[in-house]
Amino acid sequence: MTDDDATLDMSPLDLDGREPDLDERFGEGVLDEKLWWPHYLPHWSSRARTAARYSIAPDALELFIDAYTAPWSPEFDGDVRVSHLQTGQFSGERGSRIGQHRFRDGLAVREEQPQRRLHLPRFGVIEVRMAAVRHPDAMVAFWPIGFEDQPENSGEICIAEIFGSDLDDAGGWVGVGVKRQHDPRLRDDFEKVRVEGDLTEMHDYAVEWTPDAVRFFIGHRWVKTVRQTIDYPVQLMLDLYELPRADGMRDIAALPHTLRVERVRTFPPL
């Protein structure tokens, strides 16, 4: 154990007495579009191609990818398919290079989008309760990103990234940490942590975010601390992906892939 490790706060997440400023339980039977923009980075594609496929089950959101789900951006992301919700949208005019989550070189805005500032927390606790998908082609994630109205404000807080190929009968691996993206003030600090138990059952994934550090929790148990400063608003990004196979084939018999989400909460800083 290093000196830095010895000073880590490894205490569990304590939410007793704290009041959330968002407590989304998807109990109304319809998606609240005053909170959720049901498109995945539509500026790099179009609203039509990136529209979320979802249903509201009793007390849960179900994002799904079925046989009819098309690739969201064949030009820039090949055969990747996504069903996604986000709580903000910022991008430039058609043809510009300005847009959130510049995930590769050569991106250009293909469809101009309205600006959305729906829920943009800055510090505090961000938490999701969701169930992973056990299939080698599937991945689920909850990764708030900088709103990016300034290009450097683009860091990512990866609360949970779970590949179906990383699940087994006893548990699985969950990716957590910070990704710098295009923020020169940050460094990548990301790892996969082993979690025992069936991750296709509901689990809580959360961060406690302060001006000095981000603490990561699974089931309210501490798993990681990133000591970096991320001092700008983020938007919530809730994702189900179907990733392409090397042979180009899809496992149609396994579809639909379905991400179930029971709750999303945020708590303001103390």
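The values are calculated or read from the model by the stated rules, or taken from the named source; none is laboratory data. All values reported here derive from a predicted model rather than from experimental measurement. A quick note on method: Cβ atoms are made from the backbone with ideal geometry, for glycine too, and the neighbour counts reach across all protein chains shown. Accessible surface areas use protein heavy atoms only, side chains included; no ligands, DNA or RNA. Shrake-Rupley method; radii C 1.70, N 1.55, O 1.52, S 1.80 Å.
The residues of region 95-153 that are part of a loop (DSSP other than H, G, I, E, B) and aromatic (Phe, Trp, Tyr), listed by number, are Phe103, Phe123, Trp143, Phe147. Go through the residues of region 100-111 one by one and say whether even a single one is in contact with a strand residue (DSSP E or B) (Cβ under 6 Å, 6 or more places away or on another chain) and surrounded by fewer than 19 Cβ atoms within 10 Å (Cβ to Cβ). No, region 100-111 has no match at all. Report the residue count in region 64-101 for those that are touching a His at 6+ places or on another chain (Cβ under 6 Å) and in contact (Cβ under 8 Å) with a residue 60 or more places away in the chain. The qualifying residues number 2. Taking interchain pairs and intrachain pairs at least six residues apart, which have beta carbon atoms under 6 angstrom, with the first residue in region 35-63 and farther than 18 Å from Arg110 by Cβ and the second of a type in the set (Lys, Arg) and modelled with pLDDT of 95 or more? Taking only residues 6 or more apart or on different chains, the pairs are Ala60/Arg260; Glu62/Arg260.
Could you please let me know if Gly29 is among the small types (Gly, Ala, Ser) and loosely packed, with under 14 Cβ neighbours inside 10 Å? When the stated conditions are applied, Gly29 passes them.
Residue-level analysis places Thr229 among those that are open to solvent by 10 Å² or more (accessible area, probe 1.4 Å), outside any strand (DSSP E or B) and either in contact (Cβ under 8 Å) with a residue 60 or more places away in the chain or touching an Asp or Glu at 6+ places or on another chain (Cβ under 8 Å) (or both). For Leu120, the criteria (1) within 18 Å of the chain's Cα centre (by Cα); (2) exposed (fewer than 15 other Cβ atoms within 10 Å of the Cβ) hold in every case but one, which is (2).
Any residue in region 128-136 that is open to solvent by 20 Å² or more (accessible area, probe 1.4 Å) and either within 21 Å of Asp23 (Cα to Cα) or at pLDDT below 95 (or both)? Yes - at least one qualifying residue is present in region 128-136.
Within the set Phe163, Phe147, Phe190, the sole residue that is under 15 Å from the mean Cα position of the chain (by Cα) and within 25 Å of Thr258 (Cα to Cα) turns out to be Phe163. Within region 243-270, being open to solvent by 10 Å² or more (accessible area, probe 1.4 Å) and part of a strand (DSSP E or B) holds for Thr258, Arg260, Glu262, Arg263, Arg265. Every test in (1) surrounded by fewer than 19 Cβ atoms within 10 Å (Cβ to Cβ); (2) touching a helix residue (DSSP H, G or I) at 6+ places or on another chain (Cβ under 8 Å); (3) of a type outside the set (Phe, Trp, Tyr); (4) within 25 Å of Gln228 (Cβ to Cβ) is passed by Asp149 save one, and that test is (2).
Just to be sure, is Asp239 closer than 30 Å to Glu152 by Cβ and open to solvent by less than 40 Å² (accessible area, probe 1.4 Å)? Spelling it out, Asp239 is indeed closer than 30 Å to Glu152 by Cβ and open to solvent by less than 40 Å² (accessible area, probe 1.4 Å).
Of the residues making up region 199-217, those that are open to solvent by 30 Å² or more (accessible area, probe 1.4 Å) and closer than 14 Å to Arg129 by Cα number 4.
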